[in-house]
Ligand SMILES: CC(C)(COP(=O)(O)OP(=O)(O)OC[C@H]1O[C@@H](n2cnc3c(N)ncnc32)[C@H](O)[C@@H]1OP(=O)(O)O)[C@@H](O)C(=O)NCCC(=O)NCCS
């Protein structure tokens, strides 16, 4: 099989900034995600899912624009959000990109005002090292309910752990300043 990206040099990566995704990225996001779904490491995702959640993705790209890694947020409610679809291309693994993407997802979740972010994963060292605590799936009935409705595959893997990270409260947004009307300019007629 042709590799999705050229092998990344062995030396330490400078960790490029995680950026948002565009429509043109959809096929490559799906391909990278689904590369790991047969082993149950990621849930299979369709182009439709990715397109609908495009603004929830963060990507790390190589200098040629290829996707080295990706992560997404999946909202359950305004107070509950899951980190999903974390994947780093095999040639770029082991260089800190996974942790870097988790940080990008945490930042995005925090900016969006979620009080908590959770993830279901086999990668215990990765999530514990990124400030998550191990919790129990029983604490997240929304997750059990959603995947019971779609597929039992993720929950039935059994070895997966649930990790949760509390996010600091975001300061309330300042109300937008409204422009004062110029004197003499009248409002619309009633
Ligand atoms: C899991 C994955 C995202 C990690 O990405 P990565 O770039 O290789 O990880 P990093 O280099 O940032 O690793 C950071 C730390 O996490 C640890 N780690 C990485 N992958 C791990 C795994 N699968 N299990 C446990 N620990 C892991 C590393 O050992 C490293 O620890 P250290 O700092 O103590 O050395 C990547 O291997 C991948 O895409 N795997 C296939 C898909 C997958 O499993 N996704 C996770 C779904 S939640």
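Read the figures in this text as sums done on the coordinates, not as results from a lab. Note that the structure is predicted; figures quoted are calculated from it, not measured. Note that we place each Cβ from the backbone using ideal geometry, even for glycine, and neighbour counts take in every protein chain shown.
Of 29, 144, the sequence from fewest to most neighbouring Cβ atoms within 10 angstrom is 144, 29. Counting neighbouring beta carbons within 10 Å and listing from fewest to most, the residues 23, 74 come out as 23, 74. Here r is the Cβ-Cβ distance between residue 139 and residue 24 and R0 is 35 Å; the resulting FRET efficiency, rounded to 0.05, is 0.35. Neighbour counts of other Cβ atoms within 10 Å put 76, 57 in the fewest-to-most order 76, 57. A crude spin-label estimate for the pair residue 77 and residue 126, with each label 7 Å from Cα along the Cβ direction, gives 2.9 nm.
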